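Contents: one structure, followed by commentary.
The values are calculated or read from the model by the stated rules, or taken from the named source; none is laboratory data. Quick caveat: nothing in here was measured; it's all calculated off a predicted structure. Glycine gets a Cβ as well: all are built from the backbone with ideal geometry, and neighbour counts include every protein chain shown. For accessibility, only protein heavy atoms count, side chains too; no ligands or nucleic acids. Shrake-Rupley method; radii C 1.70, N 1.55, O 1.52, S 1.80 Å.
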Amino acid sequence: MTETRTLTLTQIEDLAFRALVAAGTTEANARPLAVATAATEADGVSSHGLAYIPIYCEHVQCGKVDGAAQPVLSRPRSGVVNVDAATGFAHPAIDLGFEALLPAAREQGIAALAIRNSYNCGVLGYHTFRIAQAGLVGLGFTNAPASIAPSGGSKPVVGTNPFSIAAPGANGQPSLMIDQSASTIAKSEVMKHARESKPIPVGWALDADGNPTTDPAVGLKGSMAPSGGYKGVGVALLTEVLAAALTGATLGLNASPFSGTVGGPPKTGQFFIAIDPAATSQDAFASGLGELVDAIRSQDGAHLPGDGRAANRATAQANGVAVSTATLDKVEAVLGV
């Protein structure tokens, strides 16, 4: 049984912040990532929470990510925001971009944010959630180092490439949020199983010859299994077009891994679209989406995407989060504790 310690969200944010700064990240760059880490733990996505902090710190120290980078914003068109993350963390680059994206979407009805020369943005839904909190429909796409082979092939050409959509609801809370990768499961989950020496279910990953495997180490050397077969590959390609080709970021095919110290900065990308529903549907958006959400929630056993995270968040805010002591040991090692 995994040993855990319960931490408040404030303690998680503080621990992540101090570790990042200790590793050489500026306070301005560490804070957005620390805030996102606490929110991710609150949502119950521990694979992308504190467990990633030692990896981020290692990448700052080895030069895979520039902890002191200063993202640069430009506005080539009135409805387009570009941010060069300058090989730094994605979170401060996204924060800078959102400062321009959200007002532009309110003014024009729709706006786009393209980020290049970036890094792992963590849980993509964390970012679209914030767009929805602003009363806008948020769509997000991010590419990753290649780990999915094309249909009929065995050599990875695209990453797990998540996409997310979050729709605004009452009281500043999203009424619906979809956040999923193009693979059956996020690669970080396979990595987590490998760290814990646990087998993975059949259907999560494939070996180097394209055969199913339950060994996470073998899967990490092979490829991730696309969700829905060729349809999952299609989703990965869609995201690659938007988050890499359309932003000028590095293709997943050429990006260095998000894990380990091999290679320089991955220079991947993110692409966000913010839409003001009042501009396209007037008053029909809230009622139409509300009817759809109610039709799902009224069915016994039915699951509405986003509800699980919302429930986890409420529990975490009230009771804190149980974090494995193994993860805490690695974070505290960065601090020399």
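Listed values, structure above:
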| read-out | value |
| --- | --- |
| One residue from Pro199, Pro216 being open to solvent by less than 40 Å² (accessible area, probe 1.4 Å) and at pLDDT 90 or above | Pro216 |
| Odd one out for Ala286, checked against (1) surrounded by 13 or more Cβ atoms within 10 Å (Cβ to Cβ); (2) of a type in the set (A, V, I, L, M, F, W, C); (3) over 17 Å from the mean Cα position of the chain (by Cα); (4) at pLDDT 95 or above | (4) |
| The stretch 182-192, subset at pLDDT 90 or above and not aliphatic (A, V, I, L, M), residue farthest from Asn161 (Cα to Cα) | Thr184 |
| Pair list, Cβ under 6 Å, 6 or more apart: the stretch 55-74 residue more than 16 Å from Ala30 (Cβ to Cβ), other residue among the aliphatic types (A, V, I, L, M) | Leu73/Val83; Leu73/Leu96 |
| Verdict on Val81 being surrounded by 22 or more Cβ atoms within 10 Å (Cβ to Cβ) and more than 12 Å from the chain's Cα centre (by Cα) | yes |
| Test: residue in the stretch 103-118 that is of a type outside the set (A, V, I, L, M, F, W, C), in contact (Cβ under 8 Å) with a residue 24 or more places away in the chain, in contact with a Gly (Cβ under 7 Å, 6 or more places away or on another chain) and not in a helix (DSSP H, G or I) | yes |
| Boolean, Val323 is surrounded by 15 or more Cβ atoms within 10 Å (Cβ to Cβ) and closer than 21 Å to Met177 by Cα | no |
| Complete set of residues in the stretch 47-78 that are assigned to a helix (DSSP H, G or I), open to solvent by 50 Å² or more (accessible area, probe 1.4 Å) and not acidic (Asp, Glu) | Gln61, Cys62 |
| Count of the stretch 26-46 residues which are open to solvent by 30 Å² or more (accessible area, probe 1.4 Å), over 18 Å from Asp179 (Cα atoms) and either of a type in the set (Phe, Trp, Tyr) or in a helix (DSSP H, G or I) (or both) | 4 |
| Test result for Gly234, within 16 Å of Val157 (Cβ to Cβ) and open to solvent by less than 40 Å² (accessible area, probe 1.4 Å) | yes |
| Count of the stretch 170-203 residues which are more than 19 Å from Pro305 (Cβ to Cβ), of a type outside the set (Gly, Ala, Ser) and in contact with a helix residue (DSSP H, G or I) (Cβ under 6 Å, 6 or more places away or on another chain) | 4 |
| Answer from Phe129, Phe141 - the residue that is open to solvent by 10 Å² or more (accessible area, probe 1.4 Å), part of a helix (DSSP H, G or I), out of contact with any Gly (no Cβ under 7 Å at 6 or more places or on another chain) and not β-branched (Val, Ile, Thr) | Phe129 |
| Near pairs, Cβ below 7 angstrom, 6+ apart or cross-chain, from the stretch 153-175 (within 19 Å of Gln270 (Cβ to Cβ)) to any residue that is basic (Lys, Arg) and open to solvent by 20 Å² or more (accessible area, probe 1.4 Å) | Thr160/Lys187 |
| Evaluation of Ala167 against (1) open to solvent by 20 Å² or more (accessible area, probe 1.4 Å); (2) at pLDDT 95 or above (one fails), failing number | (1) |
| Ala149 farther than 30 Å from Ile275 by Cβ and crowded, with 20+ Cβ neighbours inside 10 Å | yes |
| Single residue of the stretch 262-283 satisfying the filter (in contact (Cβ under 8 Å) with a residue 60 or more places away in the chain and part of a loop (DSSP other than H, G, I, E, B)) that is least open to solvent (accessible area, probe 1.4 Å) | Pro266 |
| Close pairs (8 angstrom Cβ cut-off, 6 or more residues apart or separate chains): at positive phi in the stretch 201-212, open to solvent by 30 Å² or more (accessible area, probe 1.4 Å) and outside any loop (DSSP other than H, G, I, E, B) anywhere | Gly203/Pro212 |
| Meets criteria (open to solvent by less than 30 Å² (accessible area, probe 1.4 Å) and modelled with pLDDT under 95) for Ser227 | no |
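Matching residues to (1) of a type in the set (A, V, I, L, M); (2) more than 21 Å from Ser227 (Cβ to Cβ):
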residue	(1), (2)
Val123	yes, no
Leu136	yes, yes
Ala146	yes, no
Ser151	no, no
Val158	yes, no
Pro162	no, no
Ala166	yes, no
Gly169	no, yes
